[in-house]
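Below is one structure, written out as structure tokens, with a few remarks after it.
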Amino acid sequence: MPHRAPGSTGKTRQQFLSGKPIRYYRPRGSADIRHLIDEGFQAFNAARLGEACRIFTDKMLLPEHDTTIALTIAGALTPAGLGGCIVEMMERGLIDFLISTGANLYHDLHYALNFTLHRGSPFVNDVELYEQGVIRIYDVLFPSSVLLETDAYIRDFLVRSGMNGPVSTAEFHYALGRDLMARQPGCEAYSVVAAAAAAGVPIYTSSPGDSSIGMNIAYHELMNDSRLMIDPNKDVNEVCAFILAGKKNGCVILGGGSPKNFYLQGQPTLWEVYGIPKGGNDYFIQLTTDQVVWGGLSGATPAEAVSWGKVNPAVLPDTVVAYCDSTIAFPLFCEYAVGSTHSRRPLKELVHKREALVEQLRVEARNAVRTHPEPAEKTETMPDLERHR
Ligand SMILES: NC(=O)c1ccc[n+]([C@@H]2O[C@H](COP(=O)([O-])OP(=O)(O)OC[C@H]3O[C@@H](n4cnc5c(N)ncnc54)[C@H](O)[C@@H]3O)[C@@H](O)[C@H]2O)c1
């Protein structure tokens with residue numbers, strides 16, 4: 001229920017779309033924000049956010065730890081202008097791979113293609129918006145032509161790309177990012193998909209059919225007889241291979257949803273399916289509005305994740321959940337990181353190493369089968385999850 005009555009009716013389309021354009025905000029490492037977080041955020045979730053910032057900058061980013069860092073995003077973050085934070089983090093090598101809902105990637109394309117989303121109000125009459133062809137994501141407003149033209153671009157890209165077989169979502173998004181850079185030179189400065197391709201950061205989508213990108217891929221199959229197929233098996237193995245190759249592993253989870261599990265299932269896939277006792281994550285940061293009491297995955301704590309082998313039991317102090325709206329917390333988190341001592345790391349460029357790392361996974365999995373040829377005995381305790389390196 002709105003906590004304020006809808007504004008006066010009778011607004012024109014132009015009036016609905018008169019708000020300032022939403023631009024991607026790029027964090028600059030503000031010393032004032034670092035001061036606020038270190039000295040002002042002293043209790044409750046402010047303190048948890050401070051803890052998250054310090055785990056990230058003082059541990060995950062330490063050069064000697066060489067942590068492989070995943071960012072997972074759910075919730076409408078790119079429509080709200082948070083893509084700039086992700087671009088900045090990727091360019092600086094502070095994120096090695098990304099797992100996103102399809103929606104965040106689809107809406108990022110509007111920015112890449114120079115369409116405008118506007119600041120607005122959530123207290124508007126949606127029937128009027130519908131009649132005037134204005135789309136609303138809470139308080140973000142834009143004309144429906146933005147959707148139609150973005151869809152037309154995707155379909156055109158699909159034909160031009162020549163992709164006609166099974167691909168991982170990382171391969172798909174890399175090709176899309178390259179195409180955006182060719183069509184809109186310089187857009188890697190303001191598009192997550194393009195910036196990821198430029199920095200060699202693989203982007204995965206845990207439910208590829210669940211967004212307008214997936215909807216247009218379905219069109220391409222039905223109308224153009226295309227054999228392009230998003231292959232989730234490739235995604236599962238590539239993410240596992242990155243985790244296996246990581247010296248240390250850590251994640252920053254925004255919201256929750258399927259991207260959260262898609263990342264966290266990597267360790268269980270290694271021990272439970274491939275028999276490789278890699279051990280759980282070394283670092284776990286989540287900024288979310290989800291509560292643990294509903295029993296859902298999105299609200300599940302790092303402590304619960306230990307029971308699944310997703311988080312290394314020895315590192316619980318290096319895990320934190322800050323219960324915050326990520327549209328507020330993530331820009332603050334990024335300002336803190338960009339202003340920190342190790343605010344640049346060499347780019348891992350994992351998008352170009354996918355095949356080699358999956359091959360390494362295959363070799364280790366075959367060795368594990370040779371070492372333990374019999375099916376694991378039924379046991380009431382977890383297998384030895386101590387690191388084997
Ligand atoms: N046209 C499109 O392409 C389109 C548009 C919208 C949604 N979708 C699809 O719908 C699905 C759901 O979308 P979603 O990403 O909004 O997921 P969601 O609403 O299920 O949110 C995911 C999780 O993040 C948390 N969350 C959401 N906003 C948050 C915030 N501001 N701060 C902290 N936590 C927050 C939620 O509590 C939830 O657990 C996705 O699979 C998406 O791809 C597609």
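Things worth noting here:
- When all alpha carbon pairs of the stretch 143-281 are counted in 5 Å bins from zero, the resulting P(r) reads 2, 9, 16, 20, 19, 15, 10, 6, 3, 1, 0 %.
- Length released on extending from Leu316 to Glu64, taking residue separation times 0.36 nm less the Cα-Cα span: 88.7 nm
- Coarse-grained scattering of the stretch 84-137 at q = 0.22 Å⁻¹, given as base-10 log I(q)/I(0) from a Debye sum over alpha-carbon atoms: -0.98
- Neighbour-count ranking [beta-carbon atoms within 10 angstrom, fewest first] of Glu335, Glu349: Glu349, Glu335
- Using only alpha-carbon positions in the stretch 134-175, the gyration tensor eigenvalues give semi-axes of 28, 13, 6 Å once each is multiplied by 5 and square-rooted (largest first).
- Test item: Cα-centred dipole of the stretch 275-382, Lys/Arg +1 and Asp/Glu -1 on Cβ, debye: 460 debye
- Ala356-Arg155 pseudo-label distance in nm [points 7 Å out on the Cα-to-Cβ vector]: 4.1 nm
- Counting only residues at least eight positions apart within a chain, or on another chain, the aspartates and glutamates with an alpha carbon under 18 Å from that of Lys59 are Asp38, Glu51, Asp96, Asp282, Asp318, Glu335.
- Pairs beyond 21 Å (Cα-Cα), from Lys247/Lys348; Lys278/Lys310; Lys20/Lys260: Lys20/Lys260
- Extended-chain gain in nm, criterion 0.36 nm per residue less alpha-carbon gap, Ser18 and Met215: 67.9 nm
- Value of relative contact order over the chain, rounded to a whole percent, pairs C-alpha under 8 Å and six or more apart: 24 percent
- Rough spin-label spacing in nm, given labels placed 7 Å along Cα→Cβ, for Arg28 and Asp231: 4.7 nm
- Taking the inverse of the mean 1/r over every pair of distinct Cα atoms in the chain gives a Kirkwood hydrodynamic radius of 22.0 Å.
- Between the C-alpha center of the stretch 222-292 and that of the stretch 33-88 there is a gap of 20 Å.
- In whole percents, the pair-distance distribution calculated for the stretch 151-199 from its alpha-carbon pairs, binned every 10 Å from zero, is 27, 56, 17, 0.
- Solitary cysteines of the chain, where the nearest other Cys Cβ is not under 4.7 Å: Cys53, Cys187, Cys240, Cys251, Cys324
- Of the trypsin sites (Lys or Arg not before Pro) found in the stretch 217-294, those that fall in a DSSP loop while having at most 14 other beta-carbon atoms within 10 Å are Arg227, Lys247.
- Just so you know, the Rg over Rh for the stretch 15-120 is 1.02, from Cα atoms, with Rh as the Kirkwood radius.
- Among Tyr106, Tyr274, Tyr263, the largest mean-square fluctuation in a Gaussian network model of the chain (Cα springs under 10 Å) belongs to Tyr274.
- Computed [θ] at 222 nm, helices only, for the chain once each DSSP H run of length n ≥ 4 contributes -39500 (n - 2.57): -12500 deg cm²/dmol
Taken together, the values in this text are just the output of simple stated rules run on the coordinates, not laboratory data. Computed from a predicted model, the values in this text were never measured in an experiment. When we count neighbours, we look across all protein chains shown, and the Cβ atoms used for this are built from the backbone with ideal geometry, even at glycine.
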